[in-house]
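Report on the structure given below.
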Amino acid sequence: MTELRIKRIASIQSFKNQSFKIQKLMHKTWWKILAAVLVVYTAIAGLLLGVPRMAILNETIRNLYFHVPMWFAMVVLFTISVWYSIRSLSTQSEADDIRAVESANTGVIFGILGIVTGAVWAKFTWGQFWSFDPKQNFAAISLLLYFAYFVLRNAIDEEQKRAKIAAIYNIFAFPMMVVLLFVLPRLQDSLHPGNGGNPGFNSYDLDSRMRMVFYPACLGWILIGYWIYTLRFRTKILENKHL
Amino acid sequence: MQLAQQVKHLIKKEIILEWRSKYALNGVLLYVVSTVFVCYMSFQIIDKLTWNALFWIIMLFASINAIAKSFLQESKGRQLYIYTLVSPAALIIAKTIYNSLLMIVLTVIALAFYCMVFEPSKDIDIFMYLLAAVLGSLSFSTIFTMVSAIASKTGNGGMLMAILSFPIIIPVLIVLIKFAKNAMDGLDRSVSLDEIGLLAVINVIVMTVALLLFPYLWRD
């Protein structure tokens, strides 16, 4: 009798343990699941759901779900990078420096993806891959800023000095990136929507059907970007430990 | 008050040092003059758009050469000596002010010579163009002074200076060229207010960030 009770209690205990573990796991990973679900959803819904019929855009309007979220993800990652650069100046910790460089790395990947998706879209709507549109140029230049950041890192051998000087350059360059991406395009005519007399997307064709996909896409890609950055950060930390 | 005193003395020191050797001033002037000359021989006649762009490209390279030396050429011993005497804020302010003065002098001389060699267009608003030149030299000096401080901390400063400063200066250069183009076409002065405001804002931001960051940078 007592043996059975003990067994039952043990099994309940282990079940409780298990569920606690799952709960803990869920607590840490719910946003990763959310990111995956959102991106899969946008891929399916973005290609299948109805979109407004526009003259030149036609079906390419669906690229909005993939092209624009790349830039959001990139800006979020660069902001994280600057945040950790500022922190690493005061804490001097190696982890903060690695966080800054890995988020910049991931941000650059998203920037390149943004340029590529934009170039493909431009080919079908504006006629050529690169039409020297101000926004295209400025996006490319802001990527150059981050390439300069990586070159600067490679030029310094001593680790602490590298962390400090690279952080300073990163912080110094960030306001310029903001000017490049958010201020200058407003002053010039562009083929992009919302510039140079072109109506913005939100004014007529981002109707509720598109919003249903666009906002989840932005959130999903930002989360995916953040996830990639944490993975890169953790592998880098492990690599450094084994060295 | 102490800061102002320190800044004053540092600027005085820079000017005296420069006046003794006249290295930067003469070197960069010669550089500008010979570049303008080479351009004249190869272009002969240029249209308005090229006139403007060429001037700013010449000024860009001249200012990189002029300002790169502000931190790169200081010897280690002298830097250490200065660091024991003054606060980092005083040092960066003094260097920026001195470089701005140097750049304004250089730009005005260069502009005069450039106008002599290549005739400017008829309806140029010379006052606004001068304003563009002065604002341009201010922006060049604020940005390049900080970048040269960063580049001087690495092994091979000269090459890094160009790599690090070009992406940062491009937005400023775009605004400047647009502003100067407006002045050259003799457009109404109120048209360029946007550009003047933006340049002023960029300068203020750059100066603030430089002031905040330099104390972390200067100590090895």
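The values are calculated or read from the model by the stated rules, or taken from the named source; none is laboratory data. Keep in mind the model is a prediction, meaning the values are calculated, not measured. Here the Cβ positions follow ideal geometry from the backbone for every residue, glycine too, while neighbour counts run over all protein chains shown.
If you go through region A:63-115 and keep only what is more than 19 Å from A:MET176 (Cα to Cα) and among the polar types (S, T, N, Q), you end up with A:ASN63, A:SER88, A:SER90, A:THR91, A:GLN92, A:SER93, A:THR106.
Determine whether A:LYS123 is of a type in the set (Lys, Arg) and within 25 Å of B:LEU173 (Cβ to Cβ). Spell out how you get there, then give the answer.
Values: of a type in the set (Lys, Arg): yes; within 25 Å of B:LEU173 (Cβ to Cβ): no.
Spelling it out, it is not the case that A:LYS123 is of a type in the set (Lys, Arg) and within 25 Å of B:LEU173 (Cβ to Cβ).
Working only within region A:132-161, note down all residues that are polar (S, T, N, Q) and either in contact with a Gly (Cβ under 8 Å, 6 or more places away or on another chain) or surrounded by 14 or more Cβ atoms within 10 Å (Cβ to Cβ) (or both). Once the filter is applied, which keeps residues that are polar (S, T, N, Q) and either in contact with a Gly (Cβ under 8 Å, 6 or more places away or on another chain) or surrounded by 14 or more Cβ atoms within 10 Å (Cβ to Cβ) (or both), region A:132-161 yields A:GLN136, A:ASN137, A:SER142. Among the numbered conditions (1) over 23 Å from A:GLY220 (Cα atoms); (2) in a helix (DSSP H, G or I); (3) in contact with an Asp or Glu (Cβ under 7 Å, 6 or more places away or on another chain), the only one that A:ASP96 does not meet is (3).
Does A:LEU144 satisfy being modelled with pLDDT under 80 and either facing another protein chain (nearest Cβ under 9 Å) or in contact with a helix residue (DSSP H, G or I) (Cβ under 7 Å, 6 or more places away or on another chain) (or both)?
Here the answer is no, as A:LEU144 does not meet what is asked.
Of the residues making up region B:150-169, those that are surrounded by fewer than 20 Cβ atoms within 10 Å (Cβ to Cβ) and either more than 11 Å from chain A (Cβ to nearest Cβ) or within 18 Å of A:PRO175 (Cβ to Cβ) (or both) are B:GLY158, B:PHE166.
Filter region B:170-190 down to residues that are more than 9 Å from every other protein chain (Cβ to nearest Cβ) and of a type in the set (Lys, Arg) and give me whichever is surrounded by the fewest Cβ atoms within 10 Å (Cβ to Cβ). Break it down stepwise before answering.
As a first pass, look at region B:170-190 and keep what is more than 9 Å from every other protein chain (Cβ to nearest Cβ): B:173, B:176-177, B:179-190.
Filter once more, so that each one left must be of a type in the set (Lys, Arg): B:181, B:189.
On the way: B:LYS181: 20, B:ARG189: 14.
The selected residue is B:ARG189.
Restricting attention to region A:147-161, the residues that are more than 9 Å from every other protein chain (Cβ to nearest Cβ) and farther than 22 Å from A:PHE110 by Cβ total 3. Checked against the criterion of being at pLDDT below 90 and facing another protein chain (nearest Cβ under 9 Å), the candidates B:LEU193, B:LEU217 yield just one match: B:LEU217. The residue list A:THR42, A:THR29 contains one member that is out of contact with any helix residue (DSSP H, G or I) (no Cβ under 7 Å at 6 or more places or on another chain), of a type in the set (Ser, Thr, Tyr) and either surrounded by 11 or more Cβ atoms within 10 Å (Cβ to Cβ) or in contact (Cβ under 8 Å) with a residue 60 or more places away in the chain (or both), which is A:THR29.
Of all residues being free of Cβ contacts under 8 Å to residues at least 60 places away in the same chain and of a type in the set (Val, Ile, Thr) in region A:213-243, which is surrounded by the most Cβ atoms within 10 Å (Cβ to Cβ)? Just the residue, please. Write out each step before concluding.
Taking region A:213-243 and keeping what is free of Cβ contacts under 8 Å to residues at least 60 places away in the same chain, we get A:215, A:230-231, A:234-235, A:238-239, A:241-243.
Filter again for of a type in the set (Val, Ile, Thr), leaving A:230, A:235.
Working: A:THR230: 15, A:THR235: 11.
Per the criteria, the residue is A:THR230.
Go through the residues of region B:88-97 one by one and say whether even a single one is without any contact (Cβ under 8 Å) to a residue 60 or more places away in the chain and either within 12 Å of another protein chain (Cβ to nearest Cβ) or over 30 Å from A:TYR146 (Cβ atoms) (or both). Checked region B:88-97: no residue is without any contact (Cβ under 8 Å) to a residue 60 or more places away in the chain and either within 12 Å of another protein chain (Cβ to nearest Cβ) or over 30 Å from A:TYR146 (Cβ atoms) (or both).
Quick one: which helices (runs of 4 or more DSSP H) lie wholly within region B:1-116 and hold at least 2 residues that are within 22 Å of B:LEU131 (Cα to Cα)?
Numbers: elements: B:2-21, B:23-43, B:48-72, B:76-85.
Per the criteria, B:23-43, B:48-72.
Residues satisfying the criterion are absent from region A:116-126 (criterion: surrounded by fewer than 21 Cβ atoms within 10 Å (Cβ to Cβ) and within 9 Å of chain B (Cβ to nearest Cβ)). Being modelled with pLDDT under 90, assigned to a helix (DSSP H, G or I), touching a Ser or Thr at 6+ places or on another chain (Cβ under 9 Å) and of a type in the set (D, E, K, R) narrows it down to one residue among A:LYS135, A:LYS123; which is it? Answer to the check: A:LYS135.
Within 14 Å of chain B (Cβ to nearest Cβ) and touching a residue at least 40 places away in the same chain (Cβ under 8 Å), is that true of A:TYR169? If you could, list the steps in order and put the result at the bottom.
Details: within 14 Å of chain B (Cβ to nearest Cβ): yes; touching a residue at least 40 places away in the same chain (Cβ under 8 Å): no.
Spelling it out, it is not the case that A:TYR169 is within 14 Å of chain B (Cβ to nearest Cβ) and touching a residue at least 40 places away in the same chain (Cβ under 8 Å).
Looking only at residues in region B:14-42 that are over 18 Å from B:PHE61 (Cα atoms) and touching a residue at least 40 places away in the same chain (Cβ under 8 Å), which one is surrounded by the most Cβ atoms within 10 Å (Cβ to Cβ)? In this case the residue turns out to be B:GLU14.
Can we say B:SER139 is within 12 Å of another protein chain (Cβ to nearest Cβ), part of a helix (DSSP H, G or I) and more than 21 Å from B:THR208 (Cβ to Cβ)?
no
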